[in-house]
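The structure under discussion appears below in the form of structure tokens.
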Amino acid sequence: MSSFTVAALEAVADTIVQNKELLTSLDAAIGDADHGINMARGFEAVRVKIRAAAPGTDISGLLKLTGMTLISTVGGASGPLYGTAFMRAAAAAQGKATLDPDGITQIWSAALQGIKDRGKASRGEKTMLDAMEPAYEAFVEAVKAEKSLVESLDAACEAAKEGIEYTKTIIATKGRASYLGERSLGHQDPGATSSYLMLAALTEFCRSQQLGA
Amino acid sequence: MVGIVVVSHSAKVAEGIRELALQMAKPEQKIIAAGGMADGSIGTDAMRVSEAIVDAMTDAGVIVMVDLGSAVLSTDTALEILDENLRARVRIADAPILEGTIGAVVEASVGSPLEQVLATAEGAREMRKCL
């Protein structure tokens, strides 16, 4: 499970690094043009740290290492936000040697709450929560309907994509984009986009491993 | 004496504010700059902030001065990773970073308790410059 978790986190890190330009250009439109650069710097550091982690480091330990690395390397608001999400996820994953859909639900719920606590934000403020929270809800619903893990993740990805579209229709009230007021309309939120990209990478990873297919 | 931590996106800003504030400080007073990222780039680093809080800590506690948006988020995150007994003695000032730091340093230098240093730092919000 340990090497599996490392590979899953690497897939997430790879997608962020590959989408550095996209995230930065989205942020240039309504923010300070650093989301892609910051996130790529953070996840490049994560890649190095998790590869160097002691063999046998458990799921919780790897998630914690990811969170701690993000809070000290990203630099922008996404550092403490995603960092807190991974650290809360680590706490929820403690003692878990494997992950089933129920375990993933618990971990995801803790991560989501971490972002809400840290950002003092809620849905509808043009933030990462507009993708992540509907995605979580779609996942929970799919798991309840006894869909497979990959099917449930696919449902979550769809909901996250709709969430990104929704961010184009609302005004930012949190973060740097809030200075723009109505001029933030029509633009998709970079944080919602990076959340979706991570989720999509995780979903593709699980599909490639033929998990719960 | 209450310790002061200055958190800015820029290492130069944090250092500069510390330098200015030292002019008003007692020699033994702790003022720690926690600006920028380890690699020198612009940003805030919650690990660096938590280390600075530990360095600035005294029995009287620590006031953290912050600049923009993520400085607050990083400081909140730094508090989450600190020991609970340390965390209870830390306050984040909702104040302009430069004026607030000067006010806090002067208030702390006369031995005022934590809440009073916080109030003086936050009082900098109302300070008039051009009368």
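Each reported figure results from applying straightforward, stated rules to the coordinates on display, with no laboratory input. Bear in mind the structure is a predicted one, so any value in this text is a computation, not a measurement. Note that each Cβ is placed from the backbone with ideal geometry, even for glycine, and that neighbours are counted across all protein chains shown.
Given that compact globular proteins tend to follow 2.2 N^0.38 Å, what is the ratio of the alpha-carbon Rg of the stretch A:132-209 to that value? Write down the numbers at each step before the final one.
Working: Rg = 14.4 Å, N = 78, 2.2 N^0.38 = 11.5 Å.
In units of the globular-protein estimate, the stretch A:132-209 measures up at 1.25.
In order along the stretch A:64-76, phi translates into HN-Hα couplings of 5, 4, 4, x, 5, 5, 5, 5, 9, 10, 6, x, x Hz, rounded to whole numbers, per the Karplus curve 6.51 cos²θ - 1.76 cosθ + 1.60 with θ = phi - 60° and x for Gly and Pro. Each Lys or Arg adds one and each Asp or Glu subtracts one; over the other residues with Cβ under 13 Å from the Cβ of A:ALA111, this totals +2.
For the protein assembly as shown, the 222 nm mean residue ellipticity estimated from helices alone, with every DSSP H stretch of n ≥ 4 adding -39500 (n - 2.57) and the total spread over all residues, rounds to -20000 deg cm²/dmol. Karplus-based coupling profile of the stretch B:80-97, in residue order and whole Hz: 5, 8, 7, 4, 4, 6, 6, 4, 5, 9, 10, 10, 9, 7, 8, 8, x, 5, with θ = phi - 60° in 6.51 cos²θ - 1.76 cosθ + 1.60 and x standing for Gly or Pro.
Can you give the longest stretch of chain B with no exposed loop site, where a site means trypsin sites (Lys or Arg not before Pro) in a DSSP loop (not H, G, I, E or B) with at most 15 other C-beta atoms within 10 Å? Longest stretch, sites excluded: B:1-127. Looking at the stretch A:102-149, the trypsin sites (Lys or Arg not before Pro) that sit in a DSSP loop and have at most 12 other Cβ atoms within 10 Å of their own Cβ are A:LYS120. Based on alpha carbons, the Rg and Dmax found for the stretch B:3-126 are 12.8, 37 Å. Taking amide hydrogens as placed 1.01 Å from N in the peptide plane, the amide H of B:GLY35 sits under 5 Å from those of B:SER8, each at least 5 positions away in sequence or on another chain. The largest-to-smallest principal axis extents of the Cα set in chain A are 48, 39, 29 Å. Panel order for A:PHE43, A:PHE4, A:PHE86, by other beta carbons found within 10 Å of each beta carbon, from fewest to most: A:PHE4, A:PHE86, A:PHE43.
Restricting the stretch A:144-213 to chymotrypsin sites (Phe, Trp or Tyr not before Pro) that sit in a DSSP loop and have at most 12 other Cβ atoms within 10 Å of their own Cβ leaves nothing. Of all lysines in the structure, the ones whose alpha carbon falls short of 28 Å from that of B:LYS129, not counting any fewer than 8 places away in one chain, are B:LYS12, B:LYS26, B:LYS30.
A straight Cα-to-Cα reach below 12 Å connects A:LYS20 with the aspartates and glutamates A:ASP34, A:GLU44, residues fewer than 8 places away in its own chain not being considered.
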